[in-house]
Every structure is written in structure tokens, then in C-alpha cells.
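No lab work stands behind these numbers, since they all come straight from the coordinates. Predicted model only: the values in this text are computed from it and were never measured. Don't worry about glycine lacking a Cβ; one is built from the backbone with ideal geometry, like all the others, and counts go over all protein chains shown.
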Amino acid sequence: MTTPNATRVVIESVKTHRDARGSLFEPLTDAELAAQKNVHVVLTQPNEIRGNHMHHTAVETTTLVGPCLVRLKEAGAIRDLDVPAGEIWRLTIPPGVVHAFRNTGDSMMVLVSFSTNLHDPTGSDTVRDQIL
């Protein structure tokens with residue numbers, strides 16, 4: 001499933017192998033992985049929020065396991081996406097798009113995020129913007 005670009009964010013369902021043990025997926029292709037400078041894994045408790053920021057120059061690719069409420073803001077317009085429980089979605093978020101993720105489930109939510117920029121402990125590429 002690819003969602004039309006109401007914003008410039010690309011939203012895709014991730015090909016996933018599922019069996020009795022759980023799920024396995026690759027968040028990026030080999031070519032996409034080669035372009036990345038940072039990866040981080042985020043574990044979020046129920047009803048907690050991650051994100052609420054945008055990047056000046058970095059493209060962030062985030063793969064998450066639902067349930068999750070994703071809120072995006074581009075050019076002042078807010079859009080909410082509800083990722084259903086058990087579904088795995090990938091968002092490619094360009095610079096300038098504010099993004100936030102709320103765990104709407106009752107167990108730990110997993111996000112895996114890649115960035116085209118190296119991690120900057122000073123946060124100079126990141127601007128906080130509380131949208132969720």
C-alpha cells in the first residue's frame with residue numbers, strides 16, 4: 001500500500017514475514033541503507049509520544065509497528081494517520097515536515113529510524129514543534 005502524497009511524506013506498508021514466532025521485516029533496501037548516516041531504535045510505552053520535531057536538512061525514514069497515531073505537519077497543515085495494530089508501515093519524511101508518534105496500544109511500540117545525517121548531539125538540525 002502506498003498512500004498518495006497529500007504531503008511530501010511517502011507512506012508504505014512494509015513487506016513482512018509472519019509466523020507463529022512473530023514478524024520479520026527489512027526496513028530499508030540495500031541501496032537505501034547505503035545512503036544512511038544514522039540509525040536509532042525507539043521503544044515507547046503505551047500512550048507516550050515520540051518526535052514532535054522536524055529536521056532542517058535530514059531525510060528521516062521511520063518504520064513502525066502499530067498501533068500508532070502518526071501526526072504530520074507540512075506547510076502548516078496537520079494530517080493524522082492511524083497505523084492499525086500489527087501492521088508495519090514505513091514513512092520517508094523529508095526536511096521541514098514535523099512528525100510525532102503516539103503509541104495507541106497497550107504494550108511497547110517499536111520504531112526504527114534512519115537519517116541521512118550523522119547524529120548531532122547539539123541538535124542543530126532538529127527543531128522542536130509540539131504537534132501531539
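Summary table
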{"item": "Chain lengthening between Val110 and Val42 when straightened (0.36 nm per residue, less Cα-Cα)", "result": "23.9 nm"}
{"item": "Relative contact order of the chain, defined on C-alpha pairs under 8 angstrom at six or more residues apart (%)", "result": "35"}
{"item": "In order through segment 65-82: 3J(HN,Hα) via Karplus (6.51 cos²θ - 1.76 cosθ + 1.60), integer Hz, x for Gly, Pro", "result": "9, x, x, 7, 9, 9, 10, 10, 9, 9, 6, x, 8, 9, 9, 9, 10, 9"}
{"item": "Placed amide H near Val65: partners under 5 Å, 5+ positions off or other chain", "result": "Val110"}
{"item": "Neighbour-count ranking [beta-carbon atoms within 10 angstrom, fewest first] of Thr62, Thr16", "result": "Thr16, Thr62"}
{"item": "DSSP-assigned coil residues among trypsin sites (Lys or Arg not before Pro) in segment 28-132, each with at most 15 further Cβ atoms within 10 Å", "result": "Lys37"}
{"item": "Computed label-point distance, nm, for sites Leu33 and Thr126 using a 7 Å Cα→Cβ extension", "result": "2.4"}
{"item": "Amide H within-cut-off set for Gly105, under 5 Å, with H built and near neighbours excluded", "result": "Asn47"}
{"item": "Rounded to whole Hz, the Karplus (6.51, -1.76, 1.60) HN-Hα couplings of segment 36-43, x for glycine and proline", "result": "8, 10, 8, 9, 9, 10, 10, 10"}
{"item": "Over the chain: helical MRE at 222 nm, DSSP H runs n ≥ 4 each giving -39500 (n - 2.57), nearest 500", "result": "-500 deg cm²/dmol"}
